[in-house]
């Protein structure tokens, strides 16, 4: 029943098992849409998943998951810069 707790669990699963990042990002995205103010939780999820080694794949899915608030986030993956028209 606690959405923040469910987001935390899904983020931890994605962090420890990169194979499930697409599924976890879809779940987190759906849960974030249920929150009234999701900016703080989004920042925490982004910070956690950006710490992953070789996080390029995760950053692509993060960008897709956080598409509503992209101005708050910095992505180091080159393909993520396509959104800004910088490549």
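Computed from the coordinates by the stated procedures, all read-outs in this text should not be read as laboratory data. Not measured: the values here are computed from a predicted model. Methodologically, a virtual Cβ is constructed for each residue, glycine included, from the backbone with ideal geometry; neighbour enumeration extends over all protein chains shown.
Summary table
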quantity	calculated
Backbone N within the stretch 20-42 under 17 Å of label point (7 Å from residue 5 Cα along the Cβ vector)	31-32, 35
Gain in span if fully extended, residue 16 to residue 34, counting 0.36 nm per residue against the direct Cα distance	4.0 nm
